[in-house]
Amino acid sequence: MKHYLSVQDIDSLDHWVEEARDLKEDPKKHKNLGSDKTIGLLFFNNSLRTRLSTQKAAMNLGMEVIVMNFGSEGWALEYADGTVMDQGTSEHIKEAAQVVSQYCDIIAIRAFAGLKDKEEDEAEKVLNGFKKYASVPIVNMESSVGHPLQALADAITLAEQNTKARPKVVLSWAPHPKALPHAVANSFVEMMHLQDADFVITHPEGYELNPEITKGATIEYDQKKACENADFIYVKNWSSYSDYGKVLNQDKNWTMTPEKVGKAKFMHCLPVRRNVVVADAVLDGDRSLVIEQANNRTYAAQIVLKKILEQ
Ligand code: CP
């Protein structure tokens, strides 16, 4: 595997999940695979889980790790060709990507959507800029439109917890005071397309995700109905896609409660706003999988890095 940019780069989800679960049993099994190799983790946005779990995964494989908060500490990058750079940008992605490639054998990048301009976000200028000009593999640590490391960790968590041949899995929108990107929800939907499950997406009208991504999925606008008899309920806020980046409502009736969760297991990628997105009683209850999801981020990253190092 040359790059890990989206869920589409997973050639067999079942095999990857199986291998990740093996790694979880013995994380240092391949502790020399990455010796003498360096990964650069470039953050244009904040992180807790992605930063630490990807670093931990690389260390488990014997890699050296360089971390840079590129967004706040690096030069402001220019992405357009032929620009007269007499305004705010100081360095072109062409040089930056080539230079970082000299220091690193793998480059991992976090660069969120700006949520102002759909076309610009979907062009993925940071991720694709590094892919175009770097000479080493690129890993997506959450881009404008996808968070494939999170989706892979979620697939591991589902596999560990599922007891049915065809579980009912619900992806539910929840309220949030700020406009959030679609990346986690998009990659979760893409990952669920690869699973044998009764998959339902529920959200208020106006919060439809990119129809190209949700094509074929069941959409139910009644959250309570969607959650009936669910085995897993994955909650996430996202801003409007059609009215791009807007917060259309903050309806507290969509907050996830113990009543709606019922006998299902509760999932969320974290960080989460308590008693806005989900009630304390759900997060603190024994149906919550959120801490194990975060734990599985290490093994998701480790299987991705292992596959790249084995090329
Ligand atoms: N879920 C997730 O990506 O967490 P961080 O934003 O803290 O990395």
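The values are calculated or read from the model by the stated rules, or taken from the named source; none is laboratory data. All values reported here derive from a predicted model rather than from experimental measurement. As a convention, Cβ positions derive from the backbone with ideal geometry for all residues, glycine included, and neighbour counts pool all protein chains shown. When the accessible area is computed, the model is the full protein with side chains, heavy atoms only, and any ligands, DNA or RNA have been set aside. Shrake-Rupley method; radii C 1.70, N 1.55, O 1.52, S 1.80 Å.
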Highest mean packing first, using Cβ neighbours within 10 angstrom, the peptides 63-70, 122-129 sort as 122-129, 63-70
Which of Lys31/Lys236; Lys132/Lys215; Lys225/Lys265; Lys164/Lys225; Lys2/Lys29 exceed 26 Å between C-alpha atoms? The answer is Lys31/Lys236; Lys132/Lys215
With +1 at each Lys and Arg Cβ and -1 at each Asp and Glu Cβ, the charge dipole magnitude of region 171-293 around its Cα centre, to the nearest 20 debye, comes out at 380 debye
Restricting to aspartates and glutamates and to Cα separations under 14 Å from Lys168, and discarding same-chain partners fewer than 8 apart, the set is Asp196, Asp198, Glu220, Glu228, Asp231
Whole-percent carbon and sulfur contribution to the accessible surface of region 150-293 (1.4 Å, no ligands, DNA or RNA) stands at 46 percent
Nearest 10, in degrees from 0 to 90: the angle of helix 93-103 to the longest Cα principal axis of the chain is 80 degrees
Region 1-47 and region 147-192 have their Cα centres apart by a whole-number Å value of 19 Å
Per residue, accessible area of region 150-293 with a 1.4 Å probe, heavy atoms of protein chains only, in Å², comes to 43 Å²
For the chain, the longest principal axis of the Cα atoms and the Cα long axis of helix 148-161 enclose an angle in degrees, to the nearest 10, of 40 degrees
Answer in debye to the nearest 20: the dipole magnitude of the chain about its Cα centre, from +1 Lys/Arg and -1 Asp/Glu charges placed on Cβ, is 740 debye
Output ordering of 90-97, 141-148 (per-residue mean of other Cβ within 10 Å, highest first) is 141-148, 90-97
Largest fluctuation, Ile156, Ile291, Ile106 only, Gaussian network model of the chain with Cα springs under 10 angstrom, belongs to Ile291
In degrees, nearest 10, the alpha-carbon axis of helix 290-309 is tilted away from the dominant principal axis of the alpha carbons of the chain by 40 degrees
